[in-house]
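Inspection log for the structure reproduced underneath, given as structure tokens.
Please treat every number below as a calculation from the coordinates, not as lab data. For clarity, every value in this text was computed on a predicted model and none was experimentally measured. Note that we place each Cβ from the backbone using ideal geometry, even for glycine, and neighbour counts take in every protein chain shown.
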Amino acid sequence: METRALLTRIGAIAFFVALAFSFLAPVPASGEVLSNKSGCFLDLPEGFDYSDGDKQSRFSFADPNQGMEFDFFVYAPGRFKDRASLMAHIEGGLRSSGEKEGFIYEGREAAMMELDFSQDGALRKGWAIVVAGKPAKGQTPAEASYALLAWTDPDTLESYSDLMFSCLDGFSIDRAALRAPGPVSQYLLPFPAVRKETRKVKFGQTTLDVAFSKDEATRVEETAAREFRVLESYANHETLWKDAWARCYRLIFREASRRMDQFVSQIDPLLPADPTSVARSLLAWVQDWKYERDSKGIDFVDPITAAVEGRGDCDSRAMVMSLILERRGIPSILMLSKDYSHAMAAVDVPGGGQRFTFDDKDWLVAETTAHVGIGLVAANQADWKKWLGVRLGY
């Protein structure tokens, strides 16, 4: 399918105004992600405005430059018996032609579709993801089905591809899926991935044999590359760049989160019980990694590779720390500074030292690249007005 080739070849935090829909509401932990009564979630790039729809089952959004449209459809449980009937509905409604390919997304029948249709005499092109809800089984009721469409003019298709795939990947069918790779990612690489290799990882005095898949690490890296390219389009925007920066890291975190559960389950028993001691132990571990930057690439080592190979820059280290802390139930955030070109972790644990105020909490800072104790930060990087706090989980 050409979609795979394009994704390989070319392969923002979303600020959502209160849309005043009874159907859509913010997730309690994050004011930027839309949730739906059927249990799904949407995390769109920054600046997408609601433009049309019935405010119940159809929602249309336009990007900040009004160059593409993203449509979200919710269908009543039981309306479609399978993805084939759902695809036929989309193709018939649009009179669209284009290749299509089925895959499994979070245990549901899904499909990637290429869109090729006419609207008001003009040709439109793009992609769609359809997800057929599970049918009723015993006492379990049928699920809603979904269709997500992103389209633009043919001459802007490739320039908008990153943004369109980012929109499609911002869908989560339920709360558990907020920690799972998005539907585009699961189309490109079945999830969970097959891990045929093992790598040795040293944590403290213990050496672990960790299952590893190069394809999986590459998939996370490619999602990160796409999201960094989307982020670049916001670089000169006076107000949107901060939220776009946060969303970029949030989607990378989501891409890696469940992929690293097995790794985290091996690390967790080696950690102490006290939350502050956990944070100190993880900080000392990542501080010992090889410092590595890729100035010719996206300047980011994906979290799987960073954790398994013990290398990376400040943001990779901070993200791995947060991934492990999350599974222990210890709140943490990523701290980003454009002025200092730096990133740190920060943790909601007791202890003395420098603290960064964000989301009504004072977070204990954790400098991941210098060998300093938790709560210590370089004096020339301690102006908190120059830092942005980012919640990585949902």
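Out of the range 89-124, which GluC sites (Glu not before Pro) are coil in DSSP terms and have no more than 14 other C-beta atoms within 10 Å?
Values: sites: Glu91, Glu99, Glu101, Glu106, Glu109, Glu114; in loops: Glu99, Glu106.
Passing sites in the range 89-124 are Glu99.
Give the span of the range 200-390's Cα atoms along each principal axis, as three whole-Å numbers ordered largest to smallest.
In descending order, the Cα extents are 47, 41, 26 Å.
Between the DSSP loop rule and a limit of at most 11 other Cβ atoms within 10 Å, which trypsin sites (Lys or Arg not before Pro) in the range 62-131 are left? Could you put the intermediate results ahead of the total?
Values: sites: Arg79, Lys81, Arg83, Arg95, Lys100, Arg108, Arg124, Lys125; in loops: Arg79, Lys81, Arg95.
Counting only loop positions with at most 11 other Cβ atoms within 10 Å, the trypsin sites (Lys or Arg not before Pro) in the range 62-131 are Arg95.
Any chance you could tell me what percent of the C-alpha pair distances in the chain go past 41 Å?
Working: 11475 of 77421 pairs.
Here the tail beyond 41 Å accounts for 15 percent of pairs.
Using θ = phi - 60° and the Karplus form 6.51 cos²θ - 1.76 cosθ + 1.60, what ³J(HN,Hα) does each residue of the range 186-191 get, whole Hz, x for Gly and Pro?
Working through the residues one at a time gives 6, 5, 6, 9, x, 10 Hz.
If you rank His342, His237 by fewest surrounding Cβ atoms within 10 Å, what's the result? All intermediate terms of the calculation are to be shown ahead of the outcome.
On the way: His342 21, His237 15.
By the 10 Å Cβ count, ascending, the order reads His237, His342.
Between the range 253-308 and the range 106-128, what is the separation of their alpha carbon centroids in Å?
38 Å
What ranking of Thr152, Thr357 emerges when the number of other C-beta atoms within 10 Å of each C-beta is taken as an exposure proxy, fewest first? Each step should come with its number before you reach the end.
Values: Thr152 21, Thr357 12.
With the fewest neighbours first, Thr152, Thr357 line up as Thr357, Thr152.
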